[in-house]
1. Quick one: which residue in ARG48, ARG55, ARG70 is touching a Pro at 6+ places or on another chain (Cβ under 8 Å), open to solvent by 50 Å² or more (accessible area, probe 1.4 Å) and not hydroxyl-bearing (Ser, Thr, Tyr)?
2. When the residues of segment 29-45 are narrowed to those that are charged (D, E, K, R) and part of a loop (DSSP other than H, G, I, E, B), which ends up least open to solvent (accessible area, probe 1.4 Å)?
3. Could you tell me whether segment 54-74 includes any residue that is in a helix (DSSP H, G or I) and within 17 Å of ALA145 (Cβ to Cβ)?
4. Do you know which of the residues in segment 15-28 that are in a helix (DSSP H, G or I) and touching a helix residue (DSSP H, G or I) at 6+ places or on another chain (Cβ under 7 Å) is surrounded by the fewest Cβ atoms within 10 Å (Cβ to Cβ)?
5. Exactly one condition in (1) open to solvent by less than 40 Å² (accessible area, probe 1.4 Å); (2) assigned to a helix (DSSP H, G or I) is false for ALA93; which is it?
6. Given the conditions (1) touching a residue at least 60 places away in the same chain (Cβ under 8 Å); (2) farther than 18 Å from ASN120 by Cβ; (3) not in a loop (DSSP other than H, G, I, E, B), which single one is not true for PHE154?
7. Looking at GLU205 and the list (1) more than 16 Å from ALA83 (Cβ to Cβ); (2) at pLDDT 95 or above, which single condition is not satisfied?
8. Would it be correct to say that CYS197 is closer than 20 Å to VAL114 by Cα, assigned to a helix (DSSP H, G or I), free of Cβ contacts under 8 Å to residues at least 40 places away in the same chain and open to solvent by less than 70 Å² (accessible area, probe 1.4 Å)?
Amino acid sequence: MTRQARELLDQIQAELAPRDDDNRLVPLITAGRAPRRVFAALAAEEKRITLSDWRSFHALAARADEPNARTFFGGLAPGEQQAHLMLDALIAAAGPDHGEELPRAGCQAYPAVVAWLALNGEQAATTAGIFANFAAFGRYCQDVAAGMREHYGFDDAACSFFDFFAADVPEIEQQALAAIQAGIDAHRLDVHEALVCARLFQSYELQFWNTLADEFPG
């Protein structure tokens with residue numbers, strides 16, 4: 001019943017794939033070359049992002065007039081709240097963030113565009129844009145968690161934020177597909193707009209990581 005939605009997501013992810021490896025920070029962490037203080041910066045920036053995204057997903061759910069989209073966005077919000085609390089262990093382990101620009105504009109551009117979409121985005125296209133980038137973000141988090149344990153000696157609690165987002169959650173995928181398919185069936189989903197949204201998410205996601213790669217080059 002969601003075949004068209006699956007095909008659209010596959011098409012969008014194929015368009016995004018060539019840039020997925022443009023993340024310059026994750027390879028530094030997996031090789032143990034990034035300085036340890038990068039984790040204090042990651043924790044501080046993500047602490048702001050998770051709180052902002054929690055509010056944005058609630059706003060998207062409240063504005064959605066299609067039940068599947070409402071379920072998808074409403075289901076993402078509790079995860080942001082959980083992740084927000086998980087960061088406390090990393091903050092305790094990594095220490096304070098002493099960066100010169102706090103918060104970093106390059107890191108906070110991502111939640112800013114999520115907040116913009118909460119007010120302006122078409123629900124099905126926004127769903128496609130968000131979910132199309134989940135797989136890449138999950139891989140980044142998986143690699144970061146592995147690097148944290150292997151090269152920096154962080155324990156499971158300190159790694160829990162990245163473990164959380166690295167985990168595969170089939171239920172969220174099914175919710176996303178249902179919301180996208182509902183948009184297709186109602187002739188409300190603009191394929192070009194969905195692709196634009198996905199590219200924006202990817203670009204701002206990469207900007208987050210690469211802002212820190214520039215500050216902590218290893």
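1. ARG48
2. Ranking the qualifying residues of segment 29-45, first place goes to ARG36.
3. no
4. ASP22
5. With (1) open to solvent by less than 40 Å² (accessible area, probe 1.4 Å); (2) assigned to a helix (DSSP H, G or I) applied to ALA93, the lone miss is (1).
6. (3)
7. Answer for GLU205: the failing condition is (1).
8. So CYS197 fails the test.
The values are calculated or read from the model by the stated rules, or taken from the named source; none is laboratory data. Here the structure is a predicted model, which means the values were calculated and not measured. Backbone-built Cβ (ideal geometry, glycine too); neighbour counts: all protein chains shown. Accessible surface is based on the protein model in full, side chains and every heavy atom, while ligands, DNA and RNA are left aside. Shrake-Rupley method; radii C 1.70, N 1.55, O 1.52, S 1.80 Å.
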